[in-house]
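Accompanying notes for the structure given below.
Just so it is clear, none of the values below were taken in a lab; they were calculated from the coordinates. This structure is a prediction, so every number in the text was calculated from the model and none was measured. For neighbour counting, all protein chains shown are included, and Cβ atoms are generated from backbone atoms with ideal geometry for every residue, glycine included.
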Ligand SMILES: [Zn+2]
């Protein structure tokens, strides 16, 4: 039995790397610093070790050969999920380049709200350590932060020390839209967060009024979405008086039509405050289970985030056209390769087309895929790299146990090698 | 396998060879001495290079090819990629090109221009993994990075606490080893940090509002550390007041203030501006060139701008933010990063009919032509900030061909023409001088002890050109490029994909430096010290990458 310290997690997005994990054979127990997201993700038992073709156990080589054959004979393959580590994503893109696939990350419809904003007008953002040491005002727009990340407040807000704050416990927290589900946002001194609650659908209007107040535009209304104007006026003043205000949102939580415009309002407000001579930064929450990793790696290998088609021999990006789920339901693809090394519950959609699942051991299927290759989980079964939510820090994931499961990259590289041989014929 | 390159005109400034016809032999990836006539050695492969120009593979000593801000620039500009799609080939991967190419395309296009090594100059320690992973996906080229310090809170805290130079040396050496770099870079010393405290500018002697430290002090303590640690590459400095009219005074003051220590001033064109004339913007090139000529401790790369669309990606969040209103297309990104550094990405279109841009173009060329010693000035566009690296052949023609240069000069903004002495400068760079700037000099500056030359013992990174009066045509399409002795490019096209090494240095430090660092990481940062340090296997586990350690200077341990 071994105890491994300083274990980084690829699951929670915030780059927790202080876990203490006990390893007994292939059984893992999170001994310290676990949370509702990380503990079950680490402790999940291995069930499948053997690949299957049509439900029959086979050797890895056979499964890889079958997968390569399906891809080679496909007119338009789709690689969905795309949830793995850096090497896994490199493998996804290598296979896609070879067989002209469409590549689509599982969380891209949420991430798209951010990319549409970034690629249209840009943003001004910050990272976790800056928040931990500088942030004196945190405004959460449309997100229940402790549900997103159970330890966020403990790790980054109510920490004992902040380099530039005399009293970290005096930070101000404001919720706009969704209210907090628990008391994690209440300061150690007992000060509760300010909550300006409204429906998500009202956020665009609320943000427009906030922007007008910051620019000192005259307003006729007395209340917006049930929130009295003086409350918003106070928020505007808080932002203008903060030393280092941070406005945070989670694209996945802004789940309504044209929410990208709300993200853009947030980002423009941040920029506006900086142009008014006050520092302020945005902070998008995301990065769970490989989505930032997928977009980063796709960024440097293709030039675009992870919704890219290779069917013309070069990468093409369209955040709407190459929506994998839409392509599946429209019958635009004829083979599905599903890659999901983190979450065994995220099984491939049953699409009525030949399906290859390269998935975390224990994946439960509604319909058994043509090929299932169980793979190890990055940061548990093999070393690797994963990005955390702020796009800057890539964690060095550790290998914690010897499960014998191959990595996503090993499986995809083997498939690519066979495609290469087929192409050369 | 013994390869003979027969009868080429060799330009090898590292060995003092200037256009002499001679043979070169390659064995096991390296250049070897000519075998003895009577030894009966069999030549396995011979290339007849009669009349061809032979140089070492070119080395770009400052180009943004790996790391977070470059990837932000990529993701920011889908419309630019769409105009330059790169189709998958028999042996090459697909991708995109133009201003910020995808990593694979970066490797291919550099190699296709005869480059065999490139160095990323702005590796944030906390983002070093990403820089190395991107460079790890950049084929053919050797690479390496300069690790950024100077706005990191740890150093500024040390300086405020008056820690001694030895303690700073230990921290610098530790960081360089943890981030796997070959040099130390400072960007707007302390300014990125000051921006987080809402300071919007920071002069050489201005103090950070929180720390009792000025940029001059940061430069002095880091230049001293680099020198005392024996790091061959001088402190790599992106000065204060980037792009600000009148900043020539700051730059001259920076040169004086370093007190004779080795210092490299990067993209110096952006730091050579006067504030005279009707537009309060003028050339400071003559003063800068004079100062470089006089101060032998100073080297510089130019950061030439060339007209057209590009994107500026810099660690200098302070000045990138100040310039955001010039973003074209109108979108930009700034970031504060991890109590470590920051970045700003602003797309930009340099226009020849814009007075300022036109004069920036002329200022860069003036610096190239007025600095006497080609061993101390380097050919860069600060890719992609002044222009994409693919414009190097055009830039070489501007330097080698006075009449072409003057033809171009005649087309720019008329007021800018009046404000530059360019037309009166007769100098034309020779092939040997180009070879110094882009090969021998660059290798020496970076500290590569066995690259950049063609004498025996060097790695066989070799480029062969057909001489052409049009130097742009000559330099954009070499006949052959050899990387570590393997033919990788023929007639300007990749014929073999190899993987270069990552060059590093490993200056010593006292292991006790980690005691305070660990406390600091645990208390203030968001990752563990043990997880911050990059390990060797992160380079080698994919079977492609490797690390190559270079010796320190003057026998420093
Ligand atoms: Zn640069």
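Test of understanding: what is the full-extension gain from residue A:215 to residue A:183, defined as 0.36 nm times their sequence separation minus their Cα-Cα distance?
Stretched out fully, the residue A:215 to residue A:183 stretch lengthens by 8.2 nm.
Evaluate E = 1/(1 + (r/R0)^6) for residue B:162 and residue A:231, where r is the Cβ-Cβ distance and R0 equals 56 Å; express this FRET efficiency to the nearest 0.05.
For residue B:162 and residue A:231, the calculated efficiency is 0.70.
Starting from the 7 Å offset along Cα-to-Cβ, what nm value, one decimal, do you get for the label separation of residue A:61 and residue B:200?
Each label point lies 7 Å from its Cα, and together they span 6.9 nm.
Could you grab the relative contact order for chain B? Cα pairs under 8 Å, six or more apart, rounded to a whole percent.
20
Over all directions, the average projected area of the alpha-carbon convex hull for segment B:455-524 comes to how many nm²?
Projected area, direction-averaged: 9.5 nm².
What whole-number distance in Å separates the alpha-carbon centres of segment A:2-60 and segment B:385-415?
Between the Cα centre of segment A:2-60 and that of segment B:385-415, the gap is 58 Å.
For residue A:238 and residue A:402 in one chain, what is 0.36 nm times their gap in residues minus the Cα-Cα distance, to one decimal in nm?
Difference between extended and current length: 53.8 nm.
How high is the relative contact order of segment A:57-120, in percent, with contacts defined as C-alpha pairs under 8 Å that are six or more residues apart?
31
Counting every Cα pair in segment A:112-285, what percent are over 24 Å apart?
It works out to 31 percent of all Cα pairs.
If segment B:383-490 were replaced by its equivalent ellipsoid, with semi-axes equal to the square roots of 5 times the Cα gyration tensor eigenvalues, what would those be, largest first, whole Å?
31, 15, 13
On average over all directions, what projected area in square nanometres does the protein assembly as shown have, based on the convex hull of its Cα atoms?
40.4
Using only Cα atoms, figure out Rg for segment B:1-57 and give it as a multiple of 2.2 N^0.38 Å.
With N residues counted in segment B:1-57, Rg over 2.2 N^0.38 Å equals 1.12.
Give me Rg over Rh for segment B:407-446, both radii from the alpha carbons and Rh done the Kirkwood way, two decimal places.
1.20
Given 10 Å bins starting at zero, what is the percent of C-alpha pairs of chain B in each, up to the one with the largest pair distance?
Per 10 Å bin, starting at zero, the Cα-Cα P(r) for chain B comes out as 4, 19, 30, 28, 15, 5, 1, 0 percent.
Hull surface divided by four, with the convex hull built on the Cα atoms of segment B:102-240: how many nm²?
Spelled out: convex hull of the Cα atoms, projected over all directions, averaged, 8.8 nm².
Hey, fewest Cβ within 10 Å first, where do B:321, B:449, B:62 land in order?
Listed from fewest to most nearby Cβ atoms, that is B:449, B:321, B:62.
Please work out the Kirkwood hydrodynamic radius for segment B:327-454, using every pair of different C-alpha atoms, and report it in angstroms with one decimal place.
The answer is 16.6 Å.
Tell me the Kirkwood radius of segment A:1-59: reciprocal of the mean inverse pair distance over distinct alpha-carbon atoms, in Å.
Result for segment A:1-59, one decimal place: 12.9 Å.
Using only the Cα atoms, work out Rg/Rh for segment A:259-303, with Rh taken as the Kirkwood radius, to two decimals.
The Rg/Rh ratio comes out at 1.13.
Sort all Cα-Cα distances of segment A:232-355 into consecutive 5 angstrom bins from zero, then give the percent of pairs in each bin up to the one containing the longest distance.
Going from the shortest bin to the longest, the percentages are 2, 8, 12, 16, 17, 14, 9, 7, 6, 4, 2, 0.
Please give the per residue volume of the convex hull enclosing the alpha carbon atoms of segment A:277-425, rounded to a whole number of Å³.
Here the figure is 162 Å³ per residue.
R0 = 22 Å: FRET efficiency of residue A:272 with residue A:200, Cβ-based, nearest 0.05?
According to the calculation, E is roughly 0.45.
Could you tell me the center-to-center distance, by alpha carbons, between segment B:96-157 and segment B:269-297 in angstrom?
So the separation of the two Cα centres works out to 29 Å.
Any chance you could give the angle, 0 to 90 degrees and rounded to 10, that helix A:203-214 forms with the longest Cα principal axis of chain A?
40
Give the order of B:375, B:459 when sorted by the count of other beta carbons within 10 angstrom, beginning with the fewest.
B:375, B:459
Could you tell me the distance between the Cα centroids of segment B:199-214 and segment A:269-289, to the nearest Å?
24
Against the longest principal axis of chain A, how steep is helix A:108-120, in degrees 0 to 90 to the nearest 10, with axes from Cα atoms?
The angle comes out near 60 degrees.
Based on other C-beta atoms within 10 Å, arrange B:373, B:401, A:189 from fewest to most.
In increasing order of surrounding Cβ atoms, one gets A:189, B:373, B:401.
Round to the nearest 0.05 the FRET efficiency obtained for residue B:22 and residue B:423 when R0 = 51 Å and r is the Cβ-Cβ distance.
0.85
Within segment B:418-453, what residues put their amide N at less than 12 Å from the label point 7 Å along the Cα-to-Cβ vector of residue B:290?
No residue qualifies, since no backbone N sits under 12 Å from the label point.
Between residue A:154 and residue A:3, what length comes free when the chain is fully extended (0.36 nm per residue of separation minus the Cα-Cα distance, one decimal in nm)?
52.0 nm is the gain from fully extending residue A:154 to residue A:3.
Report the equivalent ellipsoid semi-axes for chain A in whole Å, largest first, defined as the square roots of five times the eigenvalues of the gyration tensor built from alpha carbon atoms.
So the equivalent ellipsoid measures 41, 26, 17 Å along its semi-axes.
In whole percent, what relative contact order does segment A:112-285 give with Cα contacts below 8 Å and a gap of six or more residues?
30
Taking N as the number of residues in segment A:6-136, what value does Rg over Cα atoms divided by 2.2 N^0.38 Å take?
Against the compact-globule rule of thumb, the ratio is 1.41.
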